[in-house]
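So the structure is just underneath, and the comments pick up after that.
The values are calculated or read from the model by the stated rules, or taken from the named source; none is laboratory data. All of these numbers come straight from a predicted model, not from anything done at the bench. Cβ placement follows ideal geometry from the backbone for every residue including glycine, while neighbour counts extend to all protein chains displayed. For accessibility, only protein heavy atoms count, side chains too; no ligands or nucleic acids. Shrake-Rupley method; radii C 1.70, N 1.55, O 1.52, S 1.80 Å.
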Amino acid sequence: MDEAARLLSRDRQSSVDAIATAAGVSRTTFYRAFPSRAELLQALELQPEPDTRQRILDASVRVLRSQTLKDLSMDELASEAGVSRANLYRLYPGKAALFRAILLAYSPLEPVTAVFARAGGRPPEEVIPEVVLTAYRTVAGRSGVLRTLLLEVTSMTPDLTQAFAETGLRAFGTFSGYLAAQMAAGRLRRMHPMLAVQSLVGGLMFHLLAGPVLDQATIEVPAGEEVALQFAGIWLRGMRPEAAGGY
């Protein structure tokens with residue numbers, strides 16, 4: 001183990017043969033002590049390479065395009081990412097931890113929550129366009145990832161419930177809390193805050209998801225940040241207090 005630690009500190013990709021030679025033992029002796037290279041790494045408690053985490057997340061999104069998280073094989077994921085099973089489980093002990101990391105890496109939940117965290121008492125006319133632009137910039141060009149996340153979230157398997165509660169529900173709760181305060185201040189029409197959240201998120205989400213489909217049908221649909229801001233403007237006009245008369 002001493003020789004393995006010394007060798008691996010210089011070259012993390014060192015092979016079993018190289019480790020055995022450095023230790024002055026045969027491959028048979030090596031495998032008698034450690035059934036696999038991965039178990040040696042686990043015994044040494046080596047940290048994964050710096051890019052391992054991102055490689056796993058990228059591989060997860062690729063694999064989840066053709067199957068659900070419930071059906072995902074962690075062994076298959078390790079192979080797809082080119083990492084050892086031990087390193088995969090060291091970084092993500094289970095599917096809940098993996099999906100939480102995917103949500104944080106690829107969804108707009110955390111960036112949007114950060115916008116509200118610094119919003120304070122600023123009016124909706126300032127905050128909502130910033131929220132919409134932040135969300136749009138996070139997922140623009142990633143409609144495939146967005147579809148995957150939506151499919152997994154709406155399935156709400158036990159593996160996902162806790163992960164989404166720690167990320168998505170917190171983000172939606174922060175959003176609705178801001179809107180409730182603005183309604184109480186008379187800046188927005190009064191309605192259930194979560195309905196107000198859905199009315200904004202729903203339109204932008206459909207626009208992002210429908211874009212690739214409409215492109216294939218040769219239906220020209222505008223896109224870009226200006227379009228995202230139009231959704232924010234439409235929502236703000238509909239949420240003005242004076243617009244509540246017909247509600």
Next item on the list: Considering each of Leu104, Leu57, Leu88 in turn, give the residue that is more than 23 Å from Ser36 (Cβ to Cβ) and open to solvent by less than 20 Å² (accessible area, probe 1.4 Å).
Entry: Leu57
Notebook entry, point to check: Only one residue in Arg187, Arg240 is modelled with pLDDT of 90 or more, crowded, with 16+ Cβ neighbours inside 10 Å and basic (Lys, Arg). Which one?
Noted result: Arg187
Notebook entry, point to check: Got a sec? Which of Ser26, Ser36 is of a type in the set (Ser, Thr, Tyr), modelled with pLDDT of 80 or more and open to solvent by less than 50 Å² (accessible area, probe 1.4 Å)?
Noted result: Ser36
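Residues checked against (1) touching a Gly at 6+ places or on another chain (Cβ under 6 Å); (2) part of a helix (DSSP H, G or I); (3) at pLDDT 90 or above:
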{"position": "Leu160", "(1), (2), (3)": "no, yes, no"}
{"position": "Gly168", "(1), (2), (3)": "no, yes, no"}
{"position": "Met183", "(1), (2), (3)": "no, yes, yes"}
{"position": "Ser199", "(1), (2), (3)": "no, yes, yes"}
{"position": "Pro212", "(1), (2), (3)": "no, yes, no"}
{"position": "Asp215", "(1), (2), (3)": "no, yes, no"}
{"position": "Phe231", "(1), (2), (3)": "yes, yes, yes"}
{"position": "Ala244", "(1), (2), (3)": "no, yes, no"}
Next item on the list: Identify all residues within the stretch 107-127 that are open to solvent by 50 Å² or more (accessible area, probe 1.4 Å) and more than 15 Å from the chain's Cα centre (by Cα); write none if there are none.
Entry: Ala117, Arg118, Gly120, Gly121, Arg122, Glu125, Glu126
Check: Can you tell me which residues in the stretch 137-171 are surrounded by 15 or more Cβ atoms within 10 Å (Cβ to Cβ), among the hydrophobic types (A, V, I, L, M, F, W, C) and more than 20 Å from Leu209 (Cα to Cα)?
Finding: Leu160, Ala163, Phe164, Ala171
Notebook entry, point to check: Can you tell me which residues in the stretch 85-101 are hydroxyl-bearing (Ser, Thr, Tyr) and under 13 Å from Ala59 (Cβ atoms)?
Noted result: Tyr92
